[in-house]
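J.: Before I ask anything, here is the structure I am working with.
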């Protein structure tokens, strides 16, 4: 099982050119007690603005926030607006996984995902030469 971002090599060039990996979705990945754990910072998002999909050996995390303009915004004369809106996405290669056992929680702006490691099955076969 691989928990390496699909665009891993982009990280090598972060100092030289902008990366395509969304730096608004920083995460830590570690292994503990036979599971992989992903902890991702998603401050300012609500649980219903986040989706997680496991498909074909990949885990994709998406977060989307719309820029809703209300009456108060029209009354304000903004000098600076730094809070970002839009869609963010990260994809990780998991290899062969048991999709039914993936667990996720979201609290205090941190998304925690537990991915059980699938036991490596030795499917090597020795062929007898005749």
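The values are calculated or read from the model by the stated rules, or taken from the named source; none is laboratory data. Just so it is clear, the model here is predicted, and its values are computed rather than measured. We place every Cβ from the backbone using ideal geometry, glycine too, and count neighbours over all the protein chains shown.
J.: Mind listing just one residue for me: the one in the stretch 62-77 that is within 29 Å of residue 40 (Cβ to Cβ) and surrounded by fewer than 10 Cβ atoms within 10 Å (Cβ to Cβ) and, of those, modelled with the lowest pLDDT?
T.: 70
J.: Against the definition (modelled with pLDDT of 95 or more and either surrounded by 16 or more Cβ atoms within 10 Å (Cβ to Cβ) or touching a helix residue (DSSP H, G or I) at 6+ places or on another chain (Cβ under 6 Å) (or both)), how does residue 97 come out, yes or no?
T.: No; evaluated as a whole, the condition is false for this residue.
J.: Take the conditions under 14 Å from the mean Cα position of the chain (by Cα) and at pLDDT 85 or above and apply them to residue 53. Does it pass? Can you show your working first?
T.: Working: under 14 Å from the mean Cα position of the chain (by Cα): yes; at pLDDT 85 or above: yes.
So residue 53 passes the test.
J.: Mind checking which pairs have a first residue in the stretch 102-113 that is at pLDDT 95 or above and a second that is assigned to a strand (DSSP E or B) and exposed (fewer than 12 other Cβ atoms within 10 Å of the Cβ), Cβ under 6 Å, 6 or more apart or different chains?
T.: So the pair list comes out as 112/105.
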